[in-house]
Each structure stands twice: as structure tokens, then as C-alpha cells.
């Protein structure tokens with residue numbers, strides 16, 4: 001991988017927005033070369049929260065049913081193990097704009113931190129809403145709704161009751177669909193016979209206040225509502241305050257508990273990325289529309305996971321991430337005009353008669369290896385041109401890897417990158433160049 005400052009100068013094959021189950025699965029499968037004839041892909045992940053894993057960090061994961069269950073954090077740990085194995089950089093920043101280059105060869109991704117990155121394809125896997133640092137206070141002042149409204153009445157009445165008895169501040173955070181909870185809130189407050197003024201506001205709505213000013217619920221209970229987007233949570237162990245962004249800037253509000261109404265975001269997601277040139281890739285509620293292959297109407301842009309709408313499950317997110325990665329791979333290989341019709345990982349039957357020169361590659365599937373077949377005629381000349389200051393002894397060592405060995409294992413890549421003093425991604429770029437020059441073939 002290039003050093004951190006070089007990431008902006010490298011054109012990745014695919015950029016994944018979001019490090020939840022869908023995003024991590026997409027990034028790993030984009031890098032996992034296993035099928036005969038496939039080419040390596042470079043990948044980068046952008047994540048705006050402090051921890052990868054998305055909502056999978058908030059509880060255990062049922063893949064299909066009770067017997068196929070992963071403990072809290074287990075899915076993330078397994079995915080991150082492969083992220084590390086394949087040297088996939090995760091950049092902690094929020095992408096705010098995606099713009100296709102004029103020649104159509106790549107996309108420019110602008111981050112909130114000011115960086116601009118390049119990628120030949122983009123996979124949007126940002127989830128229903130971008131996370132920040134909620135996980136740090138989960139169970140200690142931050143709670144989330146789940147399974148629609150099945151348990152929400154009990155949660156709201158319990159939290160309002162606790163706030164009234166202990167002089168604490170409680171807020172329900174969501175979008176305009178959180179107004180559906182108004183009767184639960186009114187009922188809970190009336191049962192306690194407490195003062196509404198003391199409890200208000202009880203809702204923080206991520207929406208334009210002007211757009212909702214004529215809503216009958218807002219007009220009847222204006223004191224219960226405030227507006228803005230939570231961008232960060234603060235506290236020393238337990239939640240103490242939140243940072244809220246609105247048209248007037250960022251304000252800080254003291255609060256002891258926030259209930260994030262995910263049911264509202266399941267009805268209309270929060271997606272703050274501008275895409276140019278503009279294209280109708282969203283449905284009427286704001287979810288990204290995709291084909292069965294995970295493709296949007298913008299060539300080179302794919303999507304997976306909760307941002308594509310229901311049904312919401314980890315199994316579907318992982319599968320969709322894999323599908324998007326395969327589709328991005330096919331798009332990038334066409335863009336690079338790579339020969340053959342190869343799949344990236346899943347076995348794909350080919351109707352052909354192997355010639356007598358056909359060779360099987362013996363790969364130990366427990367190791368991360370890229371099999372290579374070398375044609376040494378011009379490799380040394382290319383290497384000398386690219387590394388003119390390399391001594392003859394070093395060049396001879398390199399030629400051992402590129403000519404004598406039939407398989408380059410991960411440890412070989414590590415040794416070559418150290419000899420040349422270049423990163424893994426730069427080495428992959430060199431291998432890709434040799435493939436383009438037909439000096440190296442990958443079986």
C-alpha cells in the first residue's frame with residue numbers, strides 16, 4: 001500500500017463508500033483473486049465513523065436463523081482480518097462528492113476533510129445513515145430502535161419515565177417519519193402527569209424545518225420538536241451532549257439519552273453525497289436503484305446494502321457487496337481492455353479445449369497467493385528502465401522472483417516490495433503493467 005500521502009495520487013480500481021458488512025465484503029471480494037485468468041484489483045474504503053463494521057457492531061448477527069449466529073463484533077473481526085490480509089486502506093473521512101472525469105476513465109471523490117481521490121469505479125455502501133461515534137456510547141446513553149415498532153412503545157415510555165423521575169434529558173432522533181411516534185410520546189408524558197415544557201423538545205428531526213412547518217403534528221405540538229443532524233456524541237463514559245448541525249451552523253445540546261429511530265431511516269435514508277453528472281439513480285424515497293448485478297444508471301457506479309432499500313439483513317448486505325464487487329471488476333477490466341472473459345472469484349465455466357501447453361497451477365487455498373507465468377524476454381529491460389539506480393545484484397535477485405518461481409506468494413510480494421522500496425499497491429501496479437505488456441500472465 002502506498003504511504004498515506006500517496007493515496008491521493010493513486011488511481012484505485014474501485015473505491016468503496018462505507019465500511020459496514022456490504023462495504024467490507026465488496027472491498028475484500030474486489031481484492032480476492034482466485035479464479036484462473038483473473039487480474040488483481042486495487043481497492044480503497046472510505047468510512048466516516050470511528051470504527052468499521054457499521055450496524056453489525058451494535059449486536060449479534062443472525063445470518064439465516066438462530067442456529068447460524070455470530071456474536072457481536074465477530075462478523076466485523078472476520079471481515080477486517082481479510083481487509084488487513086489484502087492490504088486494503090480504510091480512509092477515515094466522509095465522501096461528499098463523486099464526479100466522473102471528462103474522459104470517463106475514472107471518478108474524482110471529494111472528502112469532507114479536503115482530500116480528492118481517484119478511482120475507476122465506485123461502490124456505494126453507505127447504509128441508511130452515516131455513523132459517527134455512536135458505538136462508543138451504545139448502551140450508555142445511545143439506543144437504537146429495531147424491528148420496526150414492535151418494541152418502540154415500551155422503549156419510549158421507559159426512557160421518558162426515567163428522564164422525568166431523574167431530571168434527565170431524553171431525545172428521539174430521526175427524520176420526518178419519526179413524527180409517526182407522536183402518540184407514543186404524548187401517551188407516555190400524560191401517564192406521568194409531568195410538564196411538557198420540562199421535557200421539551202423530545203424530538204430532534206433531521207429535516208428542513210421550513211418543509212415541515214405546515215405539518216399538522218408540528219403545528220399542534222411545536223414545542224416538542226427541534227431540527228438538525230447529529231454529527232457527534234460526547235461524554236466521559238456515558239453520553240453527556242451532542243453536536244447538532246443545521247443551516248445556522250453547529251450547536252451543542254446537553255442530553256443524557258438519545259434514541260435513534262432507525263425505522264424512520266428505513267423509510268427514507270440519509271445520503272449526503274453529491275453525484276456529477278447528475279443522474280436519476282434514486283427512487284422517490286431516496287434509496288439507490290440498482291440492477292440485479294448491483295449497477296446503477298451511472299456507468300462505473302454500483303451500490304450494495306441498506307442504501308439500496310429493503311430487505312434489511314446482514315446476509316443480504318454481504319451478498320450484495322460481493323455482487324457489486326464482481327460487477328465493478330468486470331467494468332474495470334473492460335475499461336482497461338484486459339483480455340478474456342474471466343470472473344474475479346466465483347467459478348465460471350468456460351467452453352474451450354485446453355491445448356497441450358495448458359498447465360495447472362497448484363495453489364494452496366489456505367494461503368494468499370497470486371500465480372504468475374513469466375515471459376522473461378523483456379522483463380529485465382523494463383525493470384532497469386523503471387529502476388535505473390538499482391544495482392546489478394538487486395536486479396538479479398528480482399529476476400529470480402519473476403522468472404524462476406512459478407507462483408508469487410504474499411511473502412514474495414513483501415520481499416520484492418522491500419527490495420524495490422515500494423508499496424504493495426505500487427508493486428501490483430508494476431505487475432499489471434507487465435501483464436499489459438504481455439510479459440507476465442496470470443493463470
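Rule-based calculations on the coordinates, nothing more; no lab input. Keep in mind that what you see is a predicted model, and the values were worked out from it rather than measured. Methodologically, a virtual Cβ is constructed for each residue, glycine included, from the backbone with ideal geometry; neighbour enumeration extends over all protein chains shown.
Cα centroids of the stretch 282-318 and the stretch 155-180: how far apart, whole angstrom? One Cα centre to the other: 32 Å.
Rounded if a/c is under 1.5, else prolate if a/b beats b/c, else oblate: with a ≥ b ≥ c from the C-alpha gyration tensor eigenvalues square-rooted, which is the stretch 134-267? It would help to have the intermediate numbers written out before the result.
Numbers: a/c = 1.27, a/b = 1.04, b/c = 1.23.
In terms of gyration-tensor shape, rounded.
With Cα atoms defining each centre, the stretch 220-270 and the stretch 41-120 are spaced 24 Å apart in the structure.
Here the calculated FRET efficiency for residue 253 and residue 8, from their Cβ-Cβ distance with R0 = 56 Å, stands at 0.95, rounded to the nearest 0.05.
One decimal place: the segment residue 210-residue 64 gains 48.2 nm when fully extended, by the rule 0.36 nm per residue minus the C-alpha distance.
I need the P(r) histogram for the stretch 3-159: all alpha carbon pairs, bin width 5 Å from 0 out to the longest distance, whole percents. Bins of 5 Å from zero give 2, 8, 15, 18, 18, 14, 10, 7, 4, 2, 1, 0 percent of pairs.
When a/c reaches 1.5 or more, the comparison of a/b and b/c decides; with that in mind, is the stretch 169-225 rounded, prolate or oblate per its Cα gyration tensor? Taking the square roots of the gyration eigenvalues as a ≥ b ≥ c, the stretch 169-225 is prolate.
For the stretch 88-188, what relative contact order do you get, as a whole percent, if you take Cα pairs closer than 8 Å and at least 6 residues apart? Write down the numbers at each step before the final one.
Details: 68 pairs, mean separation 13.7, N = 101.
Taking the mean separation of contacting Cα pairs over the length of the stretch 88-188, I get 14 percent.
If you average the sequence gap of Cα pairs under 8 Å that are 6 or more apart and divide by the length of the stretch 1-141, what percent do you get for the contact order? Dividing the mean separation by the residue count of the stretch 1-141 yields 33 percent. Each semi-axis of the equivalent ellipsoid for the stretch 229-330 is √(5λ) with λ an eigenvalue of the Cα gyration tensor; in descending order they amount to 32, 17, 12 Å. Please state the shape class of the stretch 106-185: rounded when a/c is under 1.5, otherwise prolate if a/b exceeds b/c and oblate if not, all from the C-alpha gyration tensor. Cα axes put the stretch 106-185 in the prolate bin. Across the stretch 134-267, the mean sequence separation of Cα contacts (distance under 8 Å, 6 or more residues apart), normalised by length, yields a relative contact order of 35 percent.
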